[in-house]
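Trainee: Pasting in a structure now, in structure tokens, and then I'll have a few things to ask.
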């Protein structure tokens, strides 16, 4: 006859004591599965803590690396900003230099324009037959020829000079049946002056003369000059344009 075996229940005894001399020893019986469960839970907690710390370390390392990268990017941007500010300062300096040059050029152009205007006015004045056609003193009579053309007749002393009332070109040098000789000067602006005298002619046809240039030298006592002016081919009174001072 076979005997049935009995399962033996195993219990673990936990003894709790202290270093005190009068302390009591306490014993706790713990079932194996409870102890195993406690150990398993502790292992899980310890593993979770280790995993958490490892994860946090990786996170902090990533954030630190990202921060370093951001700092490097910021430093690079600041350096680029400094370089751009330097370039802007250089450009501003070049702009200031250009503005100075522009000011100088503008002033030069203004002065040149003023000079050209003055020269133009001076040239225009020099080609306007406003000057007295004789040197020295002379008496004058304003009259008209038989054909109605106005004329001024000047009586001057010997040695006086008949001069061009304005700059221009000599277009005619002829004998004059009444006065001896005549000289025509075209001033290029529609005006032509005619000088009629028995004096010695000092210019030739085609010659360019300036205002005040000698055309005749009055010879003999009571030398006369017949002076006429045309504007656009029509005779006008010389007194309309002649400026007499004194």
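Trainee: Could you calculate the FRET efficiency of residue 44 with residue 66 from 1/(1 + (r/R0)^6), where r is the beta carbon distance between them and R0 is 45 Å, rounded to 0.05?
Mentor: 0.90
Trainee: On to the next question. What does the chain give for Rg and for Dmax, in Å, if only its C-alpha atoms count?
Mentor: My reading of the Cα-based Rg and Dmax gives 62.2, 196 Å.
Trainee: Related question: Any chance you could give the angle, 0 to 90 degrees and rounded to 10, that helix 32-126 forms with the longest Cα principal axis of the chain?
Mentor: Taking Cα atoms only, the helix is inclined about 0 degrees.
Trainee: Right, here's the next one. What distance in nm separates the two pseudo spin-label positions at residue 53 and residue 230, each 7 Å out from Cα along the beta-carbon direction?
Mentor: Here the answer is 12.5 nm between the modelled labels.
Trainee: Taking 2.2 N^0.38 Å as the expected size of a compact globular protein, what ratio does the Cα radius of gyration of the range 138-240 give against it, to two decimals?
Mentor: Here the answer is 0.98, to two decimals.
Trainee: Please express the shape of the range 36-143 as an equivalent ellipsoid: the semi-axes are the square roots of 5 times the eigenvalues of the C-alpha gyration tensor, given largest first in whole angstrom.
Mentor: Square roots of five times the eigenvalues give 102, 10, 5 Å.
Trainee: Here is a follow-up. Pulled fully out, how much extra length does the chain show between residue 123 and residue 219, if you take 0.36 nm times their separation in residues and subtract their Cα-Cα distance?
Mentor: 31.4 nm
Trainee: With r as the distance between the Cβ atoms of residue 116 and residue 149 and R0 = 41 Å, compute the FRET efficiency 1/(1 + (r/R0)^6) and round to 0.05.
Mentor: Calculated transfer efficiency: 0.60.
Trainee: Still on this model: Given the DSSP H assignment, sum -39500 (n - 2.57) over each helix run of at least 4 residues in the chain and divide by its residue total; what's the result at 222 nm in deg cm²/dmol, nearest 500?
Mentor: Counting only the DSSP helices, I get -15000 deg cm²/dmol.
Just so you know, all these numbers are worked out from the coordinates, no wet-lab data involved. The model shown is predicted, which means the values in this text are computed figures rather than measured ones. Note that we place each Cβ from the backbone using ideal geometry, even for glycine, and neighbour counts take in every protein chain shown.
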